Amino acid sequence: MTAKKSEAAAEEDKIIDTKRKSGSVKSQKQKPAAKEAKSVEKEVKSLKEEDLLLESGTDSEYDGDGDSLSLNSDDFDSDFYDSEDDGSQRETENGDEVHGHDGSDGNVDDDDESEQVDSENGEEDGSEEGFEQDEAVEESDSSEDEVAPRNTIGDVPIKWYDDEKHIGYDITGKKITKKEKQDKLDSFLATMDDSKNWRKIYDDYNDEEVELTKEESKLIRRMLKGEAPHADFDPYAPYVDWFDWKKESIHPLSGAPEPKRRFIPSKWEAKKVVKYVRAIRNGTIKFDKPEEEPNYYLLWGDDSASDLRGKNLNFVPPPKVKLPGHEESYNPSPEFIPTAEEKAAYELMYEEDRPKFIPKMYTSLRSIPAYENALKESFERCLDLYLCPRVRKKRINIDPESLKPKLPSRKDLRPYPNSCYLEYRGHTGPVTSLSTERSGQWIASGSMDKSVRIWEVETGRCLKVWEFDEVVTCVAWNPLSDFSILAVAMGRDLVLLNTELGTDEEQKKIEDLLNVKDLPELVPSVAKIVTWRQDEKHGGVKITHFKTITYIDWHSKGDYLSTVMASGETRGVVVHQLTKRDTQKLPLKIRGLPVRTLFHPTQRGIFLIATKKNIRVYDLRKREGPIKKLETGLREISSMAIHPGGDNLIVGSKEGKMCWFDLDLSSRPYKTLKNHPKDITNVAFHRSYPLFASCSEDSTAYVFHGKVFNDMNENPLIVPLEILRGHSSSKGQGVLDCKFHPRQPWLFTAGADSIIKLYCH
Amino acid sequence: MPKHYRPAGKKKEGNAARYMTRSQALKSLQVNLNLFRRLCIVKGIFPREPKKKVKGNHHTYYHVKDIAFLQHEPLLEKFREIKTYQKKVLKAKSKKNEELARLLLTRQPTYKLDRLIRERYPTFPDALRDLDDCLTMVHLFAVLPASDREKLEVKRVHNCRRLSHEWQAYVSRTHSLRKVFVSVKGIYYQAEVEGQKITWLTPHAIQQVFTNDVDFSVLLTFLEFYETLLAFTNFKLYHSLNVKYPPILDSRLEALAADLYALSRYIDASSRGMTVEPKVDSSSSSQSNDREESELRLAQLQHQLPSSEPGALMHLVADNNEEVEEDEETRACKSLFKDLKFFLSREVPRESLLFVLPAFGGMVSWEGEGAPFKEDDECITHHIIDKPSAGHMYLSREYVQPQWIYDSVNARIILPTEKYLVGRIPPPHLSPFVDNEAEGYVPDYAETIKRLQAAARNEVLPLPGVGAGDLEDPQNLLYAGVMSRTEEAEAARNKKKMATLEKQYHEELKMEITGTSADDLPVEEEGEEGEEEDPEAAIKQVANDEDTRSKLSMSNKKRKLYEAMKMGLEKKNEGVKLIEERKRKLKKAQQ
């Protein structure tokens, strides 16, 4: 064995010698013929490197050694290092540090492997090529990581141990003591003595000398030459075109052998597996199914829970479905089943009007078929539940009769006229107007038959008849009891008649008054409207107006008399004064056509004029505009009456409504009663009893209890008392006038059927 | 400047701020209409009717607070999550990644509605109050065929069936069933649970058909909520009985549930032609079919059987005979059919009767396997049969039609069976939900039942003929002319008893007239003349006068209300009149 080694050493010696002398020649010699084609430049480079190496080698022996080892570890890169001459030096230095382990590995290997290699070398010295190939394979197989370095200090600078006696620790933790430094002379001598000494390299990490094997030195040599470190590597292998061009294939299918990466386990997979393993260990991934929570539990444990529903928003619970009635029965009573005609009638109805459910009869339970609308009805209910706006509606479930107000009993409000007591027959045409004498003994009536009659109230006897040429529109008895003058309006004339009632004294007075021979001159503006004349025929005064008179009204003192004509402006209403035989126009402008006028019963000079829509209250003394305007809200006023107290007013309208005004309270009605379906023709107050009445074209008269209290805070009490019937309508007219008896609670009504009726209590 | 102008940036007020339209709501919630609908259904949110509709009449308005309520609903987020998850699944499927799709489907996010139920029904009576629709729907879906097209799964139908059976078992066990009414639409039941009257409709147990004009997604959303509600309600009710819920706990039983379904399907298919095929049939026959393999279960069930109830559920409830304090009505219901034993023929609606009879204390058996007693049992008192004629008849029992049971239940007495015997047309089946007096028309049979009830209570009611005289108008009183005061008073009392408005009215009038005539007026003859002429017209006249008089003194508002009410009453009376007219004609035709 030693002999072989010495031979090899000798060879090495030679080589180095040759390198020193003429490296280029040597290299040329060693290279195979194929490599001769390599450029000269490369050779020069390799030369340079050699030189450098040698220089370093002289400085410190192990430097070069480390270099070689590092090159050995990544042999494929050697070419690259070669080409970069400047970088190579740097590499060598770095390599020394980085690959410190490798160097030691090599040393450790040395003991067993180098021997083996040597033996092999010895056996087959002749065929070096194949020999080396085997070795290369072996080397590549052997993992250098497997053998741990002797020293365990790790990658720390060695100089830290410079002052120590040891250089580190072995694997058992024992100190590795430094070897004694040899004398320089001794070492030199040793080198001189030992021919193999040049192969020895000092490893300062492990503090030992390592002897390179023959193969290692070969490798180094190759690398120095800039060749691939392994002899079996062929850098100029023939190109294999893996694509099979010969076949008529469109797609470039490769026949290349499977790459290595296909056979080695995936790194990422491995990582993922590790991850999963960790997750499993941690418990984040579970394989058994999670335990199912109980789906149902006691949701309403305690009922003490307060209302969780939105407190501010009112919740309207869904209304319940209507429960089925008898008709939905499978076997209803026969009367619930519609007849054939009714069913046919249903068919003719519109879809919406048609009853949704038509009762049917089945004789037995088993014959009931499936209800075809079951799903549809269920669906409609669902739609109702979530689509219909819900509103809480107040539905009063009361007896409608309870809505009626509690009126005081009629018995308590007696007396009032409630039944017809007398009829006054004699007129041949509709009786248009009535008037009661102050004493209550007589009534006067005017009619369409152009006559005026006076009747005795108690007996119904007709006392007197006047015949005229025109239809009588209005009659009015002078309110003074000792002054029985009757004013009669017909057409454009107003006739003041002497009724020839009363004592002689009174008669004289009346006759004086009605004798208008010496008439005073009228104001010219008035004279245009009115002319006074003596009526020869009836022995009275005839006042002719320029237009048809519609209404006359006496002042309570009996001196003034107002007439209403259908004319606007200032001429619609004139006031006659009997004593002065004078006529005055109103000093006011009337808006609209006047309908009725009224002298206020208690206050002097207060005068009410009703136009079609409104009532205005004037103070005649002030000669100004109205002091008050009452807004009735009616469409057309037909009549008006004032309470004897003077504070309350009732107004009848042509739409059948009656308004009660409290003059002190408001200009709007205190109460509006819609009592008649047709026009109200007249309204009347009783002078002393708390009664008022209205009569209408529907041939009825209403009697009301209308009590006015002295206490201002108390509202007037209005109670409907009685509906008086009896008149029959003729030509669409019913009752044309009504008047109360001045003393008794009796009511006179004048009908279009030419009868006057007296209703008593 | 128009009145409604609002400067930019100024806050809205009033109805504009309080209500929003549906599309506004959708926008603010960022959901589509479907999701919004679902949310509304499960949250119980409904549109409102603002006083002023700011956006116009043709919009649906929601209260802003309702929408805010939805906005904060965790379910909204959950629904969104599900939506995105569905996208994931869809993506996997469209990439043909079936494995991933399957995997994803197993881990779908789910939601629960229990919180919502608690929120909507804070107390248990609240839930019971709203149970009507729930029960009706669940019962309807229990008889619907499962359908892929409508996405109605077998599981849901089965669940509905189970829930409805559970509910019925509870009602039957606690004897809280009050009224039953067989209508064309189905059978109405009314039970009284915890003081709440709950009415529901079960369809006749016949194969139901799907109609096209129904949006099933709406129905199924409702059903989902109702199922949960009913399950929790059942839980609470069972809990109150100290019974564990859900009743089927045995894993073998659970395994059988699927089996049950398969069997019922099979039976359905084989007996489609039959008109009446009760469902319980399936369960009972399955019970017997599975006898070999689940003997343990049967043993469990049958030793609990009070020999009257078929379904497994019933026994679980019935087993628990803890005595609860019962009110009088419950006791009456419990003892109605106490000592009677019923046998159901094949063609009678078994499910309904198996529910009703035990609820009223009866014992039932039926034709088929698993029945507690056989047809030839000597103790059977009533044989319920719905055929024109029975084959072999036992003398010891009565053969009656099923309507007899329902009518007896409603009348709370055991009605005589003559009219209900086999082969006869039974008397009319009347609705127990109608108050005949209030309605204004009392059918003849209702009268009969009333008299029978009175007889059962040992009371004596006047014969109908006697009452009729009193029922006549006060006109005859008028005819009598002069009447003593005492008589008048008596008549008045009679009329009060009748308590019909019309008559009360007339009575007043009569008083009026007699009152006026009593007064000694000078024109006595005139008044009498009027009466003699046409007393009826006079009465009417006076009545009218009275009416107008009182109307006059009413305020406008009250008068209108009064008139509207009168109109309503008149309408109702018209209906009654129509029925009476028909009845009269029928009678005429019979004679």
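If you take the residues of segment A:359-406 that are within 22 Å of B:Phe181 (Cβ to Cβ) and among the hydrophobic types (A, V, I, L, M, F, W, C), which of them is farthest from the other protein chains (Cβ to nearest Cβ)?
Within segment A:359-406, the match that is farthest from the other protein chains (Cβ to nearest Cβ) is A:Met361.
Checking A:Gly226 against (1) assigned to a loop (DSSP other than H, G, I, E, B); (2) within 25 Å of A:Gln182 (Cβ to Cβ), which single condition isn't satisfied?
(2)
Within segment A:202-223, take every residue that is among the hydroxyl-bearing types (Ser, Thr, Tyr) and either more than 16 Å from A:Ser187 (Cα to Cα) or buried (at least 22 other Cβ atoms within 10 Å of the Cβ) (or both) and give me the one that is modelled with the lowest pLDDT.
My answer is A:Tyr205.
For segment A:409-421, which residues satisfy the criterion of being more than 8 Å from chain B (Cβ to nearest Cβ) and either touching a Leu at 6+ places or on another chain (Cβ under 7 Å) or modelled with pLDDT under 80 (or both)?
Matches in segment A:409-421: A:Arg410, A:Leu413, A:Tyr416, A:Pro417.
Condition check ((1) within 30 Å of B:Ala127 (Cα to Cα); (2) assigned to a loop (DSSP other than H, G, I, E, B); (3) at the interface with chain B (Cβ under 7 Å from one of its Cβ atoms); (4) modelled with pLDDT of 80 or more) across all residues:
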| site | (1), (2), (3), (4) |
| --- | --- |
| A:Ile264 | no, yes, no, yes |
| A:Ala270 | no, no, no, yes |
| A:Ile285 | no, yes, no, yes |
| A:Asp288 | no, yes, no, yes |
| A:Glu293 | yes, yes, no, no |
| A:Asp307 | yes, yes, yes, no |
| A:Asn312 | yes, yes, yes, no |
| A:Phe315 | yes, yes, no, yes |
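State the number of residues belonging to segment B:126-163 that are within 8 Å of chain A (Cβ to nearest Cβ) and more than 15 Å from B:Gln208 (Cα to Cα).
So the count comes out to 5.
Among the residues of segment B:50-82, write down those that are touching a strand residue (DSSP E or B) at 6+ places or on another chain (Cβ under 7 Å), within 10 Å of chain A (Cβ to nearest Cβ) and not aromatic (Phe, Trp, Tyr).
Within segment B:50-82, B:Pro50, B:Thr60, B:His63, B:Val64 qualify.
Any idea how many residues of segment B:196-219 are more than 7 Å from every other protein chain (Cβ to nearest Cβ) and buried (at least 20 other Cβ atoms within 10 Å of the Cβ)?
Here the count works out to 5.
Based on what the data block shows, is A:Lys657 crowded, with 16+ Cβ neighbours inside 10 Å, within 54 Å of the chain's Cα centre (by Cα), under 21 Å from A:Thr570 (Cβ atoms) and modelled with pLDDT of 85 or more?
no
Within segment B:346-372, can you find the residues that are farther than 22 Å from B:Tyr189 by Cβ and either within 12 Å of chain A (Cβ to nearest Cβ) or crowded, with 24+ Cβ neighbours inside 10 Å (or both)?
The one that is farther than 22 Å from B:Tyr189 by Cβ and either within 12 Å of chain A (Cβ to nearest Cβ) or crowded, with 24+ Cβ neighbours inside 10 Å (or both): B:Arg346.
Please list, ordered by first then second residue, the pairs with beta carbon atoms under 6 Å, 6 or more apart or interchain, first in segment B:109-124 and within 11 Å of chain A (Cβ to nearest Cβ) and under 19 Å from B:Glu194 (Cα atoms), second surrounded by fewer than 16 Cβ atoms within 10 Å (Cβ to Cβ) and of a type in the set (Asp, Glu).
B:Pro122/A:Asp307; B:Thr123/A:Asp303
Can you tell me how many residues in segment B:397-424 are of a type outside the set (A, V, I, L, M, F, W, C), outside any loop (DSSP other than H, G, I, E, B) and surrounded by 18 or more Cβ atoms within 10 Å (Cβ to Cβ)?
Residues meeting the conditions: 9.
Residues to consider are A:Ile485, A:Ile510; find the one that is assigned by TED's automatic domain parsing to the domain that holds A:Ser754 and closer than 13 Å to A:His576 by Cβ.
Only one candidate passes the filter, namely A:Ile485.
Return only the number of the condition from (1) surrounded by 14 or more Cβ atoms within 10 Å (Cβ to Cβ); (2) more than 9 Å from every other protein chain (Cβ to nearest Cβ); (3) outside any loop (DSSP other than H, G, I, E, B) that A:Glu341 does not satisfy.
(1)
Scan segment A:517-539 residue by residue and report those that are over 24 Å from A:Gly572 (Cβ atoms) and not acidic (Asp, Glu).
Residues satisfying the conditions are A:Lys517, A:Gln534, A:Lys537, A:His538, A:Gly539.
Take the conditions modelled with pLDDT under 90 and in a helix (DSSP H, G or I) and apply them to A:Ala190. Does it pass?
Taking the combined requirement at face value, the residue satisfies it.
How do the strands (runs of 3 or more DSSP E) wholly within segment A:680-761 filter down when requiring 3 or more residues that are touching a residue at least 12 places away in the same chain (Cβ under 8 Å) and among the β-branched types (Val, Ile, Thr): which remain?
A:680-685, A:717-724
Would you pick out the residues in segment A:607-631 that are more than 60 Å from the chain's Cα centre (by Cα) and buried (at least 20 other Cβ atoms within 10 Å of the Cβ)?
Across segment A:607-631, the qualifying residue is only A:Phe607.
The values are calculated or read from the model by the stated rules, or taken from the named source; none is laboratory data. Just so you know, these numbers come straight off a predicted model, no measurement behind them. Ideal geometry is used to build each Cβ from the backbone, glycine not excepted, and the neighbour counts take in all protein chains shown.
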